[in-house]
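Right, one structure below, let's go through it.
The values are calculated or read from the model by the stated rules, or taken from the named source; none is laboratory data. Here the structure is a predicted model, which means the values were calculated and not measured. Backbone-built Cβ (ideal geometry, glycine too); neighbour counts: all protein chains shown. Ligands, DNA and RNA are excluded from the accessible area calculation, which covers all protein heavy atoms including side chains. Shrake-Rupley method; radii C 1.70, N 1.55, O 1.52, S 1.80 Å.
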Amino acid sequence: MKKCLICDKKLYEEPTMIHTLWGIDLAESDYCLDCLMAFEPLIGPNCLGCGRKVKEEGKVCGDCGYWKKKQVTLLKHQALYVYNEQMKAYMAKYKFIGDYRMARLFQKRMHEMIRQIIKKEKIDYVVPIPVSKTRYGTRGFNQVVPYLPPTPKVIEALKVRKNKGKDQSEKSRQARLHAKQPFILDQEKVKRLKGKRVLLVDDVYTTERTLYHAQARLLEAGATFVTSCSLAR
Ligand SMILES: [Zn+2]
Ligand SMILES: [Zn+2]
C-alpha cells in the first residue's frame, strides 16, 4: 500500500478524481491532499530585501532595515512558500531522512522560479548554498541541488569551512546569528565569477546570516551583483 511521504497516511494507488480536478501531477501523487493543502504559498506584498510578507508594497521589513543601515546591499530574496509547520515537516523528512524522491514535489516550481530570475536579473551563474561534509555524509547529497534547473550556469563555488562545531540546524537561532563566516571559496571555480551576476539558491531562508555570508564571499570573488532565492521563507 502506497503511503503519503510526509504523514504516512495510506494513499490510493490510482490518481483519484479529486487529484485530476485539482490538477495534481505525478510528483504530488506521493502525498495526501491534507498534506498538499497545508503548504502555504508566499503571497505578497513581499519585503524588498528578504521576500517575507509585509503590509505594504515596496517596503522592507525591520530586519532588512537593519541590514540596509549597515550598508549591506539587500539580496532581493524570493521564495515560493512560507516556512510553516507543514514545510518544516516536509524539510525534516527530506533533509534528515535523505529521501531524494521528495525533492520532486517542488522541483518544477523551483526550476521555473530560478529560470525567471535568471532572465529578469541577467544572471550569469547560479550557486547553491553548500552543506557541510558531515551532513553530506549522513544524507549522501546536497538537498539544494535537485531544485536547480539543468543549466551550465550552475557552479558549486562555495564550500563549507571545516570546523568541529555543531551543525547549523542544531544551533539555536541566536548562535547562528553570531556565527562566523561559514563559507570558503572553491579557488578554481570562483575565478569565473569575476564581474558576473550571481543567483544564490538555498532550501530555506531562516536567518539572514547564511545568505549574507555567502554574498560577502561572492563579492570578494569579484561578482558584481548577488541575489538569492529559496523554496521556503
Ligand atoms: Zn499526508
Ligand atoms: Zn526583509
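Quick notes on this one:
- Tally, over segment 25-60, of residues that are more than 16 Å from ligand 1 (Cβ to nearest atom) and part of a loop (DSSP other than H, G, I, E, B): 18
- Restricting Ile97, Ile117 to residues that are farther than 15 Å from Asp203 by Cα and either free of Cβ contacts under 8 Å to residues at least 60 places away in the same chain or not assigned by TED's automatic domain parsing to the domain that holds Leu219 (or both) narrows the list to Ile97.
- Taken as a whole, segment 202-209 holds at least one residue that is at pLDDT 90 or above and under 15 Å from Ile117 (Cα atoms).
- Matching residues, segment 62-99, being more than 16 Å from ligand 2 (Cβ to nearest atom), surrounded by 14 or more Cβ atoms within 10 Å (Cβ to Cβ), of a type outside the set (D, E, K, R) and modelled with pLDDT under 90: Tyr94, Gly98
- The single condition among (1) assigned to a loop (DSSP other than H, G, I, E, B); (2) at pLDDT 90 or above that Lys162 does not meet is (2).
- Residue match in segment 109-127 (condition: open to solvent by less than 20 Å² (accessible area, probe 1.4 Å), part of a strand (DSSP E or B) and closer than 15 Å to Pro150 by Cα): yes
- Condition met for Leu219 (in a strand (DSSP E or B) and modelled with pLDDT of 80 or more): no
- Pair list, Cβ under 9 Å, 6 or more apart: segment 32-53 residue of a type in the set (Phe, Trp, Tyr), other residue within 16 Å of ligand 2 (Cβ to nearest atom) and at pLDDT below 95: none
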